[in-house]
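Enquirer: The structure under discussion is supplied below as structure tokens; questions concerning it will follow.
Read-outs: derived from the displayed coordinates by stated rules, not from any lab. Note that this is a predicted model, so its numbers are computed, not measured. Every residue, glycine among them, receives a Cβ derived from its backbone with ideal geometry; neighbour counts consider all protein chains shown.
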Amino acid sequence: MTLLDEYARELDAIEAAQLKRTRRNVQAMRGAHLTVNGREMLAFCSNDYLGIAQHPALIEAAQRGAAQWGVGATASPLVCGHSASHEALELELAQFLGLPRALYFYAGYAANIGLVPALVGRGDALFCDALNHACLIDGARLSRAEIHVYPHADLAALERQLAESHATRKLIVTDAVFSMDGDIAPLPELLRLAEQHDALLLIDDAHGFGVLGPRGRGTAAHFGLRSTRLLVMGTLSKAAGAAGAFVAGDAMLIELVMQRARSYIFATAAPAMITEALRASLRVIEADEWRRERLRAHVQRLQQSLAADAGAGRLLTSPTPIQPLVIGDNAAALQRMGALWQQGLWVPAIRPPTVPAGTARLRITLSAAHEDADVQRLIDALALKPS
């Protein structure tokens, strides 16, 4: 058997385990409606929670940015890739969040795999929630720090781990809103433990920024948290509707990240057309409270309806736009997805290793772009069992 045969066998094993993923050709139409491989679909799979990815203000800002700065940043931010637009975005992000300083990265994954190793290394200690996103896990591994994984949201286990650690530098890392379960981390208690044990707390607010907190300022603002020990990372490709990510917090810590994060230093900056779109996005996020109100109404409606339908599946408790319907078996989850697909509804089946074995699910994501009739259409379809 040759090396290529070994790779072919690996692909066959992925397919046999019902874990093969499919890439589709997608074109935006209007709101939550997409054209997928030439077919119109109503999407419940997008992270565009506020429905602003196609907002005219963002598109116009990107066009103006392209006209002024072109379509490429040409170099890393520490060479010549950091424009006046990038600078303005960072200042406006910090002001929006009420934090001393923000640093913009070209992608959320890049932010986390650079952030964590910038803060801790060999001889230091990392404390990670068991359900952290893959980019936090990869950042932890790249840091070469000693990694302690605590059971999901288990504060007592974390406190024991912190107390037993003799590391000079300690970093607690957690999703703020967990991407597959939709639940919110106990941030006030985590910050208390960080302060008690002389540690930093880094939260990944990818799914909370724009959605939670006053005017969409995120999960930390939702809890009213402020501390020099708190670093907030957030992606700008979800509720913000564009691309990239940021980390914000104490100015000295942000400077350290800028000086040490390899994914910042050695990568070409995002184009200024993107940062201009994001500046427009911040204004929309702050002004359009009705988007969050509509989103909360959609969440409540779906939860109430599925709670009354025991056969639909097990809907996890989540106050966020992420509404996971646990099916269990991989094949069964794919079958449910297929049945919805036939009705013109795109609800992705999420399987291991993204979620633990035996918890394959439909990951329903709601958006302010959905109309009431869209949500009702999904509810009606979920009530129908696949043949």
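Enquirer: From the phi angles alone, apply the Karplus equation (6.51, -1.76, 1.60; θ = phi - 60°) to the range 58-74 and give each ³J(HN,Hα) in whole Hz, x where the residue is Gly or Pro.
Expert: 3J(HN,Hα) across the range 58-74, in whole Hz: 6, 5, 5, 5, 5, 5, 5, x, 5, 5, 8, 10, x, 10, x, 7, 6.
Enquirer: May I pose another question? So how much slack lies between residue 192 and residue 314, counting 0.36 nm per residue of separation and subtracting their Cα-Cα distance, in nm?
Expert: That works out to 40.6 nm of additional length.
Enquirer: So for the range 272-387, what percent of the C-alpha to C-alpha distances run longer than 24 Å?
Expert: 34 percent
Enquirer: Using the Karplus curve 6.51 cos²θ - 1.76 cosθ + 1.60 with θ = phi - 60°, work out ³J(HN,Hα) for each residue of the range 132-145 in order, rounded to whole Hz, and write x for Gly and Pro.
Expert: Along the range 132-145, the couplings run 4, 5, 4, 5, 6, 4, 5, x, 4, 5, 5, 5, 6, 6 Hz.
Enquirer: Taking amide H positions as placed in the peptide plane 1.01 Å from N, state which residues far from residue 370 in sequence (5 or more) or on other chains have amide H under 5 Å from it.
Expert: Excluding prolines and chain starts, which carry no amide H, there are no hits.
Enquirer: Given a 10 angstrom Cα cut-off, can you work out which residue in 129, 183, 198 is the most mobile in a GNM of the chain?
Expert: 198
Enquirer: Net charge near residue 294, counting Lys/Arg +1 and Asp/Glu -1 over other residues with Cβ under 14 Å of its Cβ? Working shown, then result.
Expert: Working: positive: 291, 292, 296, 301; negative: 48, 288, 289, 293, 371, 372, 374.
Within the 14 Å Cβ shell, the charges total -3.
Enquirer: With N denoting the number of residues in the range 56-287, provide Rg(C-alpha) divided by 2.2 N^0.38 Å, to two decimal places.
Expert: Cα-based Rg divided by the globular estimate yields 0.98.
Enquirer: Let me ask another. At a Förster distance of 51 Å, what's the computed FRET efficiency of residue 12 paired with residue 168, Cβ-Cβ distance as r, to 0.05? The partial results should precede the final answer.
Expert: Numbers: r = 48 Å, r/R0 = 0.95.
Calculated value: 0.60.
Enquirer: Write down the Kirkwood hydrodynamic radius of the chain, to one decimal in angstroms, obtained as one divided by the mean of 1/r over all alpha carbon pairs.
Expert: Details: mean 1/r = 0.0456 Å⁻¹.
Over the chain, the inverse of the mean reciprocal pair distance is 21.9 Å.
Enquirer: Where in the range 1-91 are there trypsin sites (Lys or Arg not before Pro) that are in a DSSP coil and have at most 15 other Cβ atoms within 10 angstrom of their Cβ?
Expert: Here the sparse-neighbourhood loop sites are 20, 21, 23, 24.
Enquirer: For the chain, what is the calculated [θ] at 222 nm in deg cm²/dmol (nearest 500), taking -39500 (n - 2.57) for each run of four or more DSSP H residues and dividing by its residue count?
Expert: Numbers: 14 runs with 162 residues, N = 387.
Here the helix-only value at 222 nm equals -13000 deg cm²/dmol.
Enquirer: Which semi-axis lengths, in whole Å and largest first, follow from the square roots of five times the eigenvalues of the Cα gyration tensor of the range 1-110?
Expert: Semi-axes, largest first: 37, 23, 16 Å.
Enquirer: Right, something else. Kirkwood hydrodynamic radius for the range 170-222: how many Å is it when counted over pairs of different Cα atoms?
Expert: 11.2 Å
Enquirer: Which residue fluctuates the most in the chain, going by a Gaussian network model with Cα springs under 10 Å, if the choices are 249, 358, 344?
Expert: 358
Enquirer: Under a GNM of the chain (C-alpha, springs under 10 Å), which listed residue has the highest mean-square fluctuation: 296, 192, 215?
Expert: Evaluated over the chain, the most mobile residue of the options is 192.
Enquirer: Net charge within 12 Å of residue 123 by Cβ-Cβ distance, Lys/Arg positive one each and Asp/Glu negative one each, not counting residue 123 itself?
Expert: In short, +2.
Enquirer: Across the range 240-313, what fraction of all alpha-carbon pairs, as a whole percent, falls in each successive 5 Å bin from zero upward?
Expert: Going from the shortest bin to the longest, the percentages are 3, 11, 13, 13, 15, 11, 10, 10, 8, 6, 2.
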